[in-house]
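Following: one structure in C-alpha cells, then a few remarks.
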2 protein chains.
Amino acid sequence: MMELFLDPDDPRPLAVQLYEQLRTAIAEGRLRPGDRLTPSRTVAADLRIARATVTEAYGRLSAEGYIEGHSGRGSLVSAVPQPARRRTVVAALQPTRRAGAIVPFAPRPGAASEFDCQPGHLDPALFPVADWRRCCLRTLDHALGQYDDPQGTPGLRAALANWVLRSRGVAATAEQTFVTSGAAHAVDLVARVLADPGATVAVEEPGYPPVVAILRSQGLRVAGVPVDEHGIVVEAIPANARLVYVTPSHQYPLGMVMSRRRRLELLRWAGRSGAAIVEDDYDSEFRHAARPLEPLQRLDRDGRVIYVGTFSKTLSPALRVGFLVTPVTLLPALRAVRQAVDWCPPPATQGALTEFITEGYLDRHLRRARRRYGERYRLLRSSLDQLLPAGYRRLPAEAGLHLTVSGPRDAADPDLTPILRRHGLRLTSLRRSYAFEPAATGMLIGFAGLPYQHVVPAVHALSSVLNS
Amino acid sequence: MMELFLDPDDPRPLAVQLYEQLRTAIAEGRLRPGDRLTPSRTVAADLRIARATVTEAYGRLSAEGYIEGHSGRGSLVSAVPQPARRRTVVAALQPTRRAGAIVPFAPRPGAASEFDCQPGHLDPALFPVADWRRCCLRTLDHALGQYDDPQGTPGLRAALANWVLRSRGVAATAEQTFVTSGAAHAVDLVARVLADPGATVAVEEPGYPPVVAILRSQGLRVAGVPVDEHGIVVEAIPANARLVYVTPSHQYPLGMVMSRRRRLELLRWAGRSGAAIVEDDYDSEFRHAARPLEPLQRLDRDGRVIYVGTFSKTLSPALRVGFLVTPVTLLPALRAVRQAVDWCPPPATQGALTEFITEGYLDRHLRRARRRYGERYRLLRSSLDQLLPAGYRRLPAEAGLHLTVSGPRDAADPDLTPILRRHGLRLTSLRRSYAFEPAATGMLIGFAGLPYQHVVPAVHALSSVLNS
C-alpha cells in the first residue's frame, strides 16, 4: 500500500493528516477504485498512533464516499465519480471589466530615510493612546450584544450630533445621524440609495479619487465638473445628475473654500433639479485661518444635503469611523441597505468613541493636534513661499492637513513623483486627482505625517528636484 | 434691539449661542437689512460676559456675510441674498425604488417574558468575556496604524487560513483569505466584483433574505432556484447566471446537506457556464452528527468557488467579522473595491481576533459552545418530535443553531408568527425566506438564544398555538 506520513510539526490533528493524504492519493489516482486500504490496526501499529485516530480518518473517507467497507475484504476505494478532471483549460474567474478597472491606491509606510508627505497620513505620536485605551477598557463589554442598530448606537449618534453642531454648526439630531466606516463608505451608502446603475452623478474635477472609484464601481456615470476660485462651477453640473459630491470647506485637492454665494447657488440648483448634495467635510477640524462658512447642510432648507464627516483625520484612520447626517426621508432605505450588507457598525469601537467624545478627550486631542499641525503648516507654507522655483506656486488653503503646489501650465509635463521618490520625498501627484484629463500639474504635500524638523529639509529636497 | 438669551445649561460655547440667535433672527426676518446691531461692549455688559465673546459672534456673522461693519455706524445687517425661501413645496429626497424596496429585518431584543427563538441569536452568557478582554488588551495599540491592508492584517489572514483548514478542510492560504465585516458583506463584495448591474445571479429558494436584499440592491436580477433533499437543483439554475449562492453544509432555511454527488454536479455546471459559486458555510461549526462533506471549495479544481465564513455564529454577531477565501484571480479587484469603500477592516478587532485564535481561545470557546448548544438541540429536537401536532414536522438538520418546522402543505395558511408572538414566542416564519412565492409554511426555531430550561416550555407554548 502507499506510504503514509505523519508530520509532528504539522499543527493539524493526526486524523486530518491521514485523511488528507489518502484523499489526495485517491483524487490523483495513486489509489484506484478497488484498491484495498491497509487495515486500521496495522496502520496504527506502524505509525505508533491510536487506532481510533486511523478509524476516524477512514470513517471520514467512507462518509464522503471515497471508500466503502466490504465484509471480509476491508475497505476498498470506491468507484464513484471523482471531481471532473481538468481536460480543457477552463477560464479562471475574472472580475467584470468595471471592477477590474478600479485603480488601487497605494499609500505605503514611509521608510525611515524618507520624508512622509502623503496626504492622509497623520502623526502617530499624536494619537492619544492613554485616553483611547481608557475608553476602550470602559466599554469592552459592548461586544456581548446581539445584532445592533444599523445606524449605530444611540449614544454615539447623540454624541456625534452634539459634537458636529458645536464644532461645525451642522444642524443634526441623533435621529438623522448615521455611523459609518469612514467618509467614503458614507458616500457609497448614499449612492446605493439615491442612484440606480446608469444614472449620472457629478463630482468636482479635480476631486477625490476613492469616491470616483466607488461611484464607478456601482455602475454610475461620473461627470467631472470644473472648479474655479469659488468652488464647483454650478452651471456646468449636468442637469440630469442625481447627486453631486463636493468638498466645500476645503476643496480636495486644490484647497479653495466654496464661497457663500456659490453655496446658495448650488442649493438652488439642487432644488430645481431634484438632486442630492453630498457635502464631505473631511478635515475641517484643522483650520488655519478664520472660521469657515456655514456648511451647506446648515444653509439647506429643503432637505437635499447629506453631510459626511470622518474621524480618519480628526483621530485616526485606523479606527474606520465616519458618519453622515441625512434628511429623514432617506433613513429607512439607508438603514435597510446597511443592515443587509454588514448589519451595523462594530459596537465596541462605537462604545469607545462615545466615551472619548463625551468625556472631553476628543476636544483635548484636537486642541493639541491643531497646535502641532498648525506649527507644521506655517513652517511649510513659509518654506514653500521662500524656496519654490519660478513657475511653481503654493495654492492658498484655509484648512486641512496638506498644501497643494501647482506647476507650470503645461499639462504634458512628466509626473515628477517617481523622481521625487528617489530623493526621499513621498507625496501625491496632483494629476491623480483628475478623473478625466489632467488639466494641471503639481503635487499635494501632506504635513501631518511629517515631523516638524523634517519640514524645511523636505522643502529643500523638493525645490532642488524642481530646479533641475 | 432684539433680546439675546444665554442658557447656562446649554453645553455650547456662549459665542455660538449668540451667533445662532442672531443668525436665526436675520434668516427669519426679525432683523432686517440695514438694522443696526447693539454695540458689542453694551451686549457684553448687559449679559455679563466677556466682550471678546460678543466680538467672536459678531466676527463670525461678518465673515459669513450676514452683517457688515460701517464706520461710525457700527454693524448693520447686510443686504446680501438669503438662502432661497421655500416658496413651493420642493419634493424631499427620496431613495430609488430599488433601494426603497429593501425590507428591513427586525430582530428585536426579546423581552424577559419571551422565549427567544430567533435564528441568529446566541446565548450572551456563553461569550468568553475574560478571554476576549485579555486579547483586546494585548492588542489595543493596533489603533496607532495608518491605512492598513484592505484584505486584512497578515496575522489574521494566516490564522484564519490555518483555522479554516483545520476545522473545515478548506484549502486556503493567507494570500487568498480576505477579512470582511460578516458573511453578507463578503457576498456583497464578491457580487460587486463579479457581476454588473442587470446580470443574473442565482440563489436557493427558499434562501437567506439578507443576501437576496444585497444582490437586488446592486441592480442584479435574482433568480430563485428550487432545492430538493440533496440541495439546489442544478439543472434549474439559469444558464446565464454569473454567480450562484449556496449554503451546502446546512441549507438555510430548510437544513439539508448538499450531497457529494450534487456538489460535483454543481461544480461541473459552473465550469461549463463560467459562473462563480459562493459557498456560505455560516454555522457549520455546530455539527450534531457526523462530519460534513468536503466543502465545495475543496472539491473545486478550477478556481470557481469563493468560500465565505463568519464569526457571527461562532463567536458573536457584535464583532462584525467574517471572511472569504477566493481564487487569486479575483484578489486585485476585491482589494481595489474594498479599499475604495472603507479601506480595510478595523485593525483593533483584527488584532484581538488573531490573538484569540492563535492562543487557542477560539477552540476552547467552541468546545464549550458545542456542548451547551448540543444539549439544547437534542432537547428541542425530542420535544418537537413529541409535541408537534399532526401536519407539522421537524425537518432533519445535521448542523446549525436552528431547527425548521414545516407546516401543512397549504401555502395560503396565515403567517402564525404574530400569533405566536402574543404567546411569548419569538421566532421566524419560513415564508420570509422565500424571495418569490412562498411554497411552504413553517417556522425557524433558533435555540442558541433560548436557555435550556426554556426549551420544553417554549415547545409547549408552540404546540398549544398550533393545536388551536
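Give just the number: which of (1) touching a residue at least 60 places away in the same chain (Cβ under 8 Å); (2) surrounded by fewer than 24 Cβ atoms within 10 Å (Cβ to Cβ); (3) part of a strand (DSSP E or B); (4) touching a Pro at 6+ places or on another chain (Cβ under 6 Å) does B:Gly224 not satisfy?
Checking B:Gly224 against (1) touching a residue at least 60 places away in the same chain (Cβ under 8 Å); (2) surrounded by fewer than 24 Cβ atoms within 10 Å (Cβ to Cβ); (3) part of a strand (DSSP E or B); (4) touching a Pro at 6+ places or on another chain (Cβ under 6 Å), the one that fails is (4).
Scan the stretch B:358-411 residue by residue and report those that are among the basic types (Lys, Arg) and assigned to a strand (DSSP E or B). Explain how you work it out, then say what you get.
As a first pass, look at the stretch B:358-411 and keep what is among the basic types (Lys, Arg): B:364, B:367-368, B:370-372, B:376, B:378, B:381, B:393-394, B:409.
Listed by number, the residues that qualify are B:Arg393, B:Arg394.
For the stretch A:349-361, check the following and say yes or no: at least one residue is in contact with a strand residue (DSSP E or B) (Cβ under 8 Å, 6 or more places away or on another chain) and within 13 Å of chain B (Cβ to nearest Cβ).
Within the stretch A:349-361, the first condition is being in contact with a strand residue (DSSP E or B) (Cβ under 8 Å, 6 or more places away or on another chain), and the residues that meet it are A:350.
Retained after the next criterion (residues that are within 13 Å of chain B (Cβ to nearest Cβ)): A:350.
Checked the stretch A:349-361: at least one residue is in contact with a strand residue (DSSP E or B) (Cβ under 8 Å, 6 or more places away or on another chain) and within 13 Å of chain B (Cβ to nearest Cβ).
Do you know which residues across the stretch B:170-189 are within 10 Å of chain A (Cβ to nearest Cβ) and crowded, with 22+ Cβ neighbours inside 10 Å?
Step one: filter the stretch B:170-189 for residues within 10 Å of chain A (Cβ to nearest Cβ), giving B:171, B:180-189.
Result: B:Thr180, B:Ser181, B:Gly182, B:Ala183, B:Ala184, B:His185, B:Ala186, B:Val187, B:Asp188, B:Leu189.
Give B:Leu425, B:Leu362, B:Leu384, B:Leu380 a once-over and let me know the one that is closer than 29 Å to B:Leu319 by Cα, open to solvent by less than 10 Å² (accessible area, probe 1.4 Å) and over 26 Å from the mean Cα position of the chain (by Cα). Give the derivation first.
Values: B:Leu425 fails: over 26 Å from the mean Cα position of the chain (by Cα); B:Leu362 fails: over 26 Å from the mean Cα position of the chain (by Cα); B:Leu384 fails: closer than 29 Å to B:Leu319 by Cα.
Only one candidate qualifies: B:Leu380.
Take B:Ile232 and decide whether it is more than 13 Å from chain A (Cβ to nearest Cβ) and either touching a strand residue (DSSP E or B) at 6+ places or on another chain (Cβ under 8 Å) or over 22 Å from B:Leu189 (Cβ atoms) (or both).
Working: more than 13 Å from chain A (Cβ to nearest Cβ): yes; either touching a strand residue (DSSP E or B) at 6+ places or on another chain (Cβ under 8 Å) or over 22 Å from B:Leu189 (Cβ atoms) (or both): yes.
So B:Ile232 fits the description; yes.
Can you pull out the residues in the stretch B:235-258 that are surrounded by fewer than 23 Cβ atoms within 10 Å (Cβ to Cβ), away from chain A (no Cβ under 12 Å) and under 24 Å from B:Ala172 (Cβ atoms)?
Scanning the stretch B:235-258 gives no hits.
Only one residue in B:Glu205, B:Glu294, B:Glu279 is closer than 21 Å to B:Gly322 by Cα, away from every other protein chain (no Cβ under 13 Å) and of a type outside the set (Ser, Thr, Tyr), so which one is that? I'd like the intermediate steps shown before the answer.
Numbers: B:Glu205 fails: closer than 21 Å to B:Gly322 by Cα; B:Glu294 fails: away from every other protein chain (no Cβ under 13 Å).
Just a single option satisfies the conditions, and that option is B:Glu279.
Per-residue answers, yes or no, for (1) more than 7 Å from every other protein chain (Cβ to nearest Cβ); (2) over 23 Å from B:Pro104 (Cβ atoms); (3) not aliphatic (A, V, I, L, M):
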site	(1), (2), (3)
A:Val308	yes, no, no
A:Phe311	yes, yes, yes
A:Thr314	yes, yes, yes
A:Leu319	no, yes, no
A:Thr326	yes, no, yes
A:Ala333	no, no, no
A:Val337	no, no, no
A:Ala340	no, no, no
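Could you check the stretch B:112-221 for helices (runs of 4 or more DSSP H) lying wholly inside it with 2 or more residues that are touching a Ser or Thr at 6+ places or on another chain (Cβ under 6 Å)?
On the way: elements: B:129-138, B:154-168, B:183-194, B:209-217.
Per the criteria, B:154-168, B:183-194.
Which of the residues belonging to the stretch A:318-338 are over 17 Å from the mean Cα position of the chain (by Cα) and open to solvent by 10 Å² or more (accessible area, probe 1.4 Å)?
Listed by number, the residues that qualify are A:Pro327, A:Val328, A:Thr329, A:Leu331, A:Pro332, A:Arg335.
Does A:Arg261 meet the test of being facing chain B (nearest Cβ under 9 Å), surrounded by fewer than 24 Cβ atoms within 10 Å (Cβ to Cβ) and outside any loop (DSSP other than H, G, I, E, B)?
On the way: facing chain B (nearest Cβ under 9 Å): yes; surrounded by fewer than 24 Cβ atoms within 10 Å (Cβ to Cβ): yes; outside any loop (DSSP other than H, G, I, E, B): yes.
The answer is yes for A:Arg261.
Based on this model, can you work out whether A:Ser249 counts as of a type in the set (Ser, Thr, Tyr), more than 18 Å from the chain's Cα centre (by Cα) and in a loop (DSSP other than H, G, I, E, B)?
Values: of a type in the set (Ser, Thr, Tyr): yes; more than 18 Å from the chain's Cα centre (by Cα): yes; in a loop (DSSP other than H, G, I, E, B): yes.
Considered against the rule, which asks whether it is of a type in the set (Ser, Thr, Tyr), more than 18 Å from the chain's Cα centre (by Cα) and in a loop (DSSP other than H, G, I, E, B), A:Ser249 comes out as yes.
The values are calculated or read from the model by the stated rules, or taken from the named source; none is laboratory data. Small disclaimer: the values here were computed from a predicted structure and weren't measured. Note that we place each Cβ from the backbone using ideal geometry, even for glycine, and neighbour counts take in every protein chain shown. Heads up: the accessible areas ignore ligands, DNA and RNA and are worked out on the full protein's heavy atoms, side chains in. Shrake-Rupley method; radii C 1.70, N 1.55, O 1.52, S 1.80 Å.
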